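A.B. asks: First the structure, then my questions, so here it is.
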Amino acid sequence: MAIYIQKLYVQSFRGIRELRAEHLNHINLIVGDNNCGKTSVLEAVLLLRDPSDFSNILRVARLRDQDRSLFAGQVSAYESFCNLFSQPPKEPLIHLSALLRTHWPNSEEKAECTISGEWTRVLLDSSDMLQLNRNFLSHKSMPELPPEVESFDGVLTSVMDGIQKNEHIVFHEYSDITGRRVKRYGYLNMLYLSPVEHMKSTIINRIVRDADYKDICLRILQVFDPDIADLLILKNERTNRPVEYIRHNRLGTMPVSTYGDGIRRVLMLANAIAQTAGGILLIDEVETAIHAQYFYSIFQFLVKACKQFDIQLFITTHNIEAFDSLLSTQDYDQQQDQDDITVLTLKKTQKQTLIRNMSGREVSQNREAFDFEVRI
Ligand SMILES: Nc1ncnc2c1ncn2[C@@H]1O[C@H](COP(=O)(O)OP(=O)(O)O)[C@@H](O)[C@H]1O
Ligand SMILES: [Mg+2]
């Protein structure tokens, strides 16, 4: 791998009081019951994508708002930001640290992100007024501006490449920062796939737009099925609508829809792998939108393609069949010392989140006991 996270330390972030994950591997499976903090661990990793960039923090804070199918309303950027801190709110403090390894050159470095400060009240000034005007442009009546509001006042401290940076942050409900600004490249090349990502239907469109990019995606798709020869968008003559096709060496040119739902997830993963080559891919609830009958073939593909394209994987699941299929991508009888999997089991107690670190081999050998643990 070009660069990967070897150790992760998370302190007071969302529901996690303290979490230490070591011996991180090529493939890291984060398992545990609902609400035990799996997504929070991925979010913590994502904050390290660009530890000095406050808009990256806001973007991570708002990730959960992507799923608009369940809730109609959207909370403000400020409210999302406040929810990153462990509740009930005391002193605002989040500390994240990762030990990174690069193989070429063979080196180690630290990435850190600390957000600390206090809750205060600030008086609003004319620039805040401007922002409020902008927000309410489409409304008939503008609400009266409160003279003062609750605010976060603190410091964002980051460490990257051995350099520490401090940035003073004042952030409140009327601040002119939203986190929507999308920076394509962070300090670390990372991509997060949320459980609702498969709903997006424009994947092939995106892939075929650029010939070089399409070539890379085809190479990845061929890990899944070597007979996939091309992706095309052709116009249906009768309806005049564009239709997505796969040209297959044995099956001919057939619409993607004839391939079943598995292929949609494979296409989405191929697109994600192409974007993260040499970096880190985070997949939340990997089993969503994959029928259990495809688990084995899709996970074999995912693991093989990520190894080939030098990608470190963090995968969450609470589905025991998906977990078993992921473990079975390793052949522990054949592989003497080699193990590409680390399993992180999370368990939420009343006070804090506990984590257990095990190698894939250990879990595989104690599978029965482990089954019991995953399910409780
Ligand atoms: N800011 C916070 N302070 C305290 N607990 C939180 C905070 N944000 C989320 N939680 C708790 O974390 C849990 C959800 O974590 P999440 O990472 O979504 O779990 P999972 O992905 O395993 O379902 C819930 O129990 C929720 O109450
Ligand atoms: Mg989750």
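A.B. asks: Has the stretch 197-206 got any residue that is in a loop (DSSP other than H, G, I, E, B), among the polar types (S, T, N, Q) and within 16 Å of ligand 1 (Cβ to nearest atom)?
C.D. replies: Restricting attention to the stretch 197-206, the residues satisfying the condition of being in a loop (DSSP other than H, G, I, E, B) are 200-202.
In the following step, the residues that additionally are among the polar types (S, T, N, Q) were identified as 201-202.
From what is left, the residues that are within 16 Å of ligand 1 (Cβ to nearest atom) are none.
No, that holds for no residue.
A.B. asks: When you scan the stretch 260-275, do you find a residue that is buried (at least 19 other Cβ atoms within 10 Å of the Cβ), closer than 28 Å to Gly37 by Cβ and within 16 Å of ligand 2 (Cβ to nearest atom), even just one?
C.D. replies: No, that holds for no residue.
A.B. asks: Continuing with the same structure: Pull out all pairs, ordered by first then second residue, where Cβ-Cβ is under 9 Å, the residues are six or more apart or on different chains, the first lies in the stretch 1-18 and is farther than 23 Å from Cys82 by Cα and part of a strand (DSSP E or B), and the second is among the hydroxyl-bearing types (Ser, Thr, Tyr) and modelled with pLDDT of 95 or more.
C.D. replies: These pairs meet every condition: Lys7/Ser97.
A.B. asks: Among the residues of the stretch 1-57, write down those that are polar (S, T, N, Q), away from ligand 2 (no atom under 16 Å from the Cβ) and over 15 Å from the mean Cα position of the chain (by Cα). Can you show your working first?
C.D. replies: To start, the set of residues in the stretch 1-57 that are polar (S, T, N, Q) comprises 6, 11-12, 25, 28, 34-35, 39-40, 52, 55-56.
From what's left, away from ligand 2 (no atom under 16 Å from the Cβ): 6, 11-12, 25, 52, 55-56.
Gln6, Gln11, Ser12, Asn25, Ser52, Ser55 - these are the residues of the stretch 1-57 that are polar (S, T, N, Q), away from ligand 2 (no atom under 16 Å from the Cβ) and over 15 Å from the mean Cα position of the chain (by Cα).
A.B. asks: Do the conditions hold for Asp324, that is, is it part of a helix (DSSP H, G or I), touching a Lys or Arg at 6+ places or on another chain (Cβ under 9 Å), open to solvent by less than 60 Å² (accessible area, probe 1.4 Å) and at pLDDT 90 or above?
C.D. replies: On the way: part of a helix (DSSP H, G or I): yes; touching a Lys or Arg at 6+ places or on another chain (Cβ under 9 Å): yes; open to solvent by less than 60 Å² (accessible area, probe 1.4 Å): yes; at pLDDT 90 or above: yes.
Against the criterion (part of a helix (DSSP H, G or I), touching a Lys or Arg at 6+ places or on another chain (Cβ under 9 Å), open to solvent by less than 60 Å² (accessible area, probe 1.4 Å) and at pLDDT 90 or above), Asp324 qualifies.
A.B. asks: Here is a further query. Tell me which of these Gln350 doesn't satisfy, since it passes every other one: (1) buried (at least 22 other Cβ atoms within 10 Å of the Cβ); (2) over 13 Å from His26 (Cα atoms).
C.D. replies: Unmet for Gln350, out of (1) buried (at least 22 other Cβ atoms within 10 Å of the Cβ); (2) over 13 Å from His26 (Cα atoms): (1).
A.B. asks: Among the listed residues Ile315, Ile298, Ile290, identify the single one that is more than 17 Å from the chain's Cα centre (by Cα), crowded, with 17+ Cβ neighbours inside 10 Å and not in a helix (DSSP H, G or I). Working first, answer last.
C.D. replies: On the way: Ile315 fails: more than 17 Å from the chain's Cα centre (by Cα); Ile298 fails: not in a helix (DSSP H, G or I).
On inspection, the qualifying residue turns out to be Ile290.
So that you can scan it fast, the table gives a plain yes or no per residue for (1) open to solvent by 50 Å² or more (accessible area, probe 1.4 Å); (2) farther than 19 Å from Lys165 by Cβ; (3) assigned to a loop (DSSP other than H, G, I, E, B); (4) away from ligand 1 (no atom under 16 Å from the Cβ):
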| site | (1), (2), (3), (4) |
| --- | --- |
| His23 | yes, yes, yes, yes |
| Arg49 | no, no, yes, yes |
| Tyr78 | no, yes, no, no |
| Phe81 | no, yes, no, no |
| Leu84 | no, yes, yes, no |
| Leu100 | no, no, no, yes |
| Cys113 | no, no, no, yes |
| Ser116 | no, no, no, no |
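A.B. asks: Here is a follow-up. Any idea which of (1) free of Cβ contacts under 8 Å to residues at least 40 places away in the same chain; (2) polar (S, T, N, Q); (3) within 15 Å of ligand 2 (Cβ to nearest atom) is the one Gln74 doesn't satisfy?
C.D. replies: Every listed condition holds for Gln74 apart from (3).
A.B. asks: Would you confirm whether or not the stretch 239-251 contains a residue that is assigned to a helix (DSSP H, G or I) and more than 16 Å from ligand 1 (Cβ to nearest atom)? Please lay out each step first, then the result.
C.D. replies: From the stretch 239-251, those assigned to a helix (DSSP H, G or I) are none; that's our starting set.
No - not one qualifying residue is present in the stretch 239-251.
A.B. asks: Does Gln335 fit the bill of being within 16 Å of ligand 1 (Cβ to nearest atom), at pLDDT below 90 and either open to solvent by less than 20 Å² (accessible area, probe 1.4 Å) or outside any strand (DSSP E or B) (or both)?
C.D. replies: Numbers: within 16 Å of ligand 1 (Cβ to nearest atom): no; at pLDDT below 90: yes; either open to solvent by less than 20 Å² (accessible area, probe 1.4 Å) or outside any strand (DSSP E or B) (or both): yes.
So Gln335 does not fit the description; no.
A.B. asks: Those residues that are without any contact (Cβ under 8 Å) to a residue 40 or more places away in the chain and within 16 Å of ligand 2 (Cβ to nearest atom), I need them from the stretch 282-338; list them, please.
C.D. replies: Glu287, Asn319, Ala322
The values are calculated or read from the model by the stated rules, or taken from the named source; none is laboratory data. Nothing here was measured: the structure is a model prediction, and the numbers come from that model. All Cβ positions, glycine included, derive from the backbone under ideal geometry; neighbour counts span all protein chains shown. Heads up: the accessible areas ignore ligands, DNA and RNA and are worked out on the full protein's heavy atoms, side chains in. Shrake-Rupley method; radii C 1.70, N 1.55, O 1.52, S 1.80 Å.
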